[in-house]
Every structure is written in structure tokens, then in C-alpha cells.
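> Just dropping this structure here.
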Amino acid sequence: MKAIVAERAGNPDVLVSKEMPTPIPQAGEVLIRIHATGVNPVDFKIRRMGFGLSFPLILGMDVAGTVAKTGSGAEEFAEGEEVIAKLDFAKQGGYAEYATVSVERVIKKPAAVSFEEGAGIPVAALTAWQALFEPGHLQAGQRVLIHAAAGGVGTFAVQFAKRAGAYVIGTASAENHDFLRELGADEVIDYRKQKFYEVASEIDLVFDAAGNEESLGRSADVLKKGGTVVSIVGKPVSPRIDSGEVKGISFQTVDKRDQLREITDLVASKEVRVIIDRVFPLAEAAGAHAVQEGGHVRGKLVLVV
């Protein structure tokens, strides 16, 4: 099979096209013929830093495609069935024509969801959903501030929070303000011209998808007493957190197939949109990484196979 392989840790040019053995599904696994795969910031961070993983490495956690073959115990899926999956990239990622994955990480793709949309859902949408409603405990009527609201995770977070009945404030550059209001944001702060901690106040929940010095160090300042900062890209710090006046939580996503199915059904029913900035052919994965790494991507980048 064709695959894009990171031969070593480094810049985007370490991503090269190679012929690799097509994996064989084991018990409880399916082999997916990949049609589209999502690009996430974690991909370029792994490519750049390695994090102790063994190279050469096929990156990519989000895929949509068709079932090519099933292992024993995977009878809930049939060959040719359209599916979405969140891969265990430490085993094999999605920048390839095929990947094997446990059935516990796979859902059936609704016909109303395209392969490109399906590949944009798992990591970003699960991250937003879980961070808002599990450690964040977001409820109707509460005020939520979402950092990096126009990004892959942020665009889902804005929609989920608005759908839950929250008052949604996002941080984004000026060119994304109208777009975010269309998604459901009630207010948008231009982080290039305004300090969010001088504008926002009485916030119940801050969801930090930016992870910069200001978002990690000053988000607690805008919280009402008892409020929470949930960060997916670092540890929030503040004397208010240290004193217990507010909470600061560093959060990592976990695999929950029922949640992935629920979110995908919302996409199928047009209640939630998958925002795709650009689509690249698989062979241009290095270019996609350069764009993702440069920042200011509106929503998701997707590779088509």
C-alpha cells in the first residue's frame, strides 16, 4: 500500500511517500480502505518531537473509508461498509491507503456525512465535547469563553456550547468574527487588539484550545468564583487556582465510541457542521503539515487518499 511515512523526527520534509505492507486485521479488528484522513496539530507535534515513538512512523488518527476486510469477532461490520474511526496511531496511523483498527474505535458512517467530513470529526469533536461537558460541566445559561475558537477544536466547541444553551464568547482574529457568529458565538474578542482578560468577566468556564502564555496564565482571572479553566494544551496556572477559588484542569481526550456516534449523527442531521479549511491529496501531506503548523487554520485540514 502507499503511505506517507515520517522517517525521523524533524520538519515537514521528513514526510515521504513509501510502499508499505498492507496490514492484516487481527481478532476484533477491521481493515479500512481509507478515503480521507484528518490532520490534527498533534500530528505535527509528534513529527517534530517524536515523544519517544519509534520511527519510521505513519501519522494520522482520524480516518473515514470502507471496510476492506474483517478479523474474527468483527462481524458487526461488513465488507464495503462505510465507516469512521479514531486510530491508535502508535500502532499505525491514517496517512495511508489502509489501516487496521479495533472495532471499539469504529462507527458506521451515515450516508449524509461525506468521507472528508467524517475524517474531520473524531479527535477535534471528541476533544471539544468531552472538555466542555465532562470536566467543564457546561450547562444552559452559563457563560463560556473559548480560546482559538476558529480552529479545528474551537469550531466544534462553539457549536456544542451554543447548542447546550450557553452564552458563547470566542477569541479569534478579526477575519473570523463574522464566521464565528454564524456558528453561534454571541461575542468574539480580537486577540490581536484586545486582551481577553480586560474584556471578559463573570465567566463560568474557559475552554483553552490555544495554550499560549496568556491563555494559560490569565484565563483564571476572568472566572467567577467556583468557575473552571479546562485546557487541552497545557496546565492552567493562577494564584486563584492555587487557592481553590477556581479550578484549573489539564485535559486529554479519551476514546468513547458512543459519543463519536452521537456527534456524527448531529453532523448527519445538519445540527453541527464540520468546518474544513482545505483538502490536500495524500501526497501533499508535508504541505498540509506546513499549513497546520503555521497556524490560523479555520477548522480542519483533510487529506484525501
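The values are calculated or read from the model by the stated rules, or taken from the named source; none is laboratory data. Here the structure is a predicted model, which is why all the values come from computation and not from measurement. Reconstructed Cβ throughout: ideal geometry from the backbone, glycine too, with neighbour counts over all protein chains shown.
> What's the total number of residues in the stretch 156-189 that are charged (D, E, K, R) and within 21 Å of Glu293 (Cα to Cα)? Lay out the reasoning, then the answer.
To start, the set of residues in the stretch 156-189 that are charged (D, E, K, R) comprises 162-163, 175, 178, 181-182, 186-187.
In the following step, the residues that additionally are within 21 Å of Glu293 (Cα to Cα) were identified as 175.
Matching residues across the stretch 156-189 total 1.
> On the given criteria, is Lys86 in contact (Cβ under 8 Å) with a residue 12 or more places away in the chain, farther than 28 Å from Val14 by Cβ and either in contact with a Leu (Cβ under 8 Å, 6 or more places away or on another chain) or assigned by TED's automatic domain parsing to the domain that holds Val113 (or both)?
Working: in contact (Cβ under 8 Å) with a residue 12 or more places away in the chain: yes; farther than 28 Å from Val14 by Cβ: no; either in contact with a Leu (Cβ under 8 Å, 6 or more places away or on another chain) or assigned by TED's automatic domain parsing to the domain that holds Val113 (or both): yes.
When the stated conditions are applied, Lys86 does not pass them.
Yes or no, residue by residue, for (1) outside any loop (DSSP other than H, G, I, E, B); (2) loosely packed, with under 15 Cβ neighbours inside 10 Å:
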position	(1), (2)
Glu245	no, no
Gln259	yes, no
Glu293	yes, no
His296	no, yes
Lys300	yes, no
Leu303	yes, no
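> Follow-up question, since we're still on this one. With Glu262, Glu202, Glu271 as the choices, which residue is of a type in the set (D, E, K, R) and more than 20 Å from Phe156 (Cα to Cα)? Steps first, please.
Working: Glu262 fails: more than 20 Å from Phe156 (Cα to Cα); Glu271 fails: more than 20 Å from Phe156 (Cα to Cα).
Step by step, each of Glu262, Glu202, Glu271 is checked, and only Glu202 is of a type in the set (D, E, K, R) and more than 20 Å from Phe156 (Cα to Cα).
> Only residues that are within 21 Å of Glu82 (Cβ to Cβ), aliphatic (A, V, I, L, M) and part of a strand (DSSP E or B): list them for the stretch 1-38, please.
Val30, Leu31, Ile32, Ile34, Ala36
> Would you please name the residue that is farthest from Ile146 (Cα to Cα), looking only at residues in the stretch 208-243 that are of a type in the set (Gly, Ala, Ser) and assigned to a loop (DSSP other than H, G, I, E, B)? Let's see the steps before the verdict.
Within the stretch 208-243, the first condition is being of a type in the set (Gly, Ala, Ser), and the residues that meet it are 209-211, 215, 217, 219-220, 226-227, 231, 234, 238, 243.
In the following step, the residues that additionally are assigned to a loop (DSSP other than H, G, I, E, B) were identified as 209-211, 234, 238.
Numbers: Ala209: 7, Ala210: 9, Gly211: 11, Gly234: 15, Ser238: 18 Å.
Checked the stretch 208-243; the qualifying residue farthest from Ile146 (Cα to Cα) is Ser238.
> Now for a separate question. Only residues that are among the aromatic types (Phe, Trp, Tyr) and in a loop (DSSP other than H, G, I, E, B): list them for the stretch 108-140, please.
Initial filter on the stretch 108-140 (among the aromatic types (Phe, Trp, Tyr)): 115, 129, 133.
Scanning the stretch 108-140 gives no hits.
> OK, next. For a quick check of your reading of the model, give me the residue pairs whose first member lies in the stretch 40-58 and is closer than 13 Å to Asn11 by Cβ, whose second is assigned to a helix (DSSP H, G or I) and among the hydrophobic types (A, V, I, L, M, F, W, C), with beta-carbon atoms closer than 7 Å and at least 6 apart or on different chains.
From the stretch 40-58, the pairs are Arg47/Val14.
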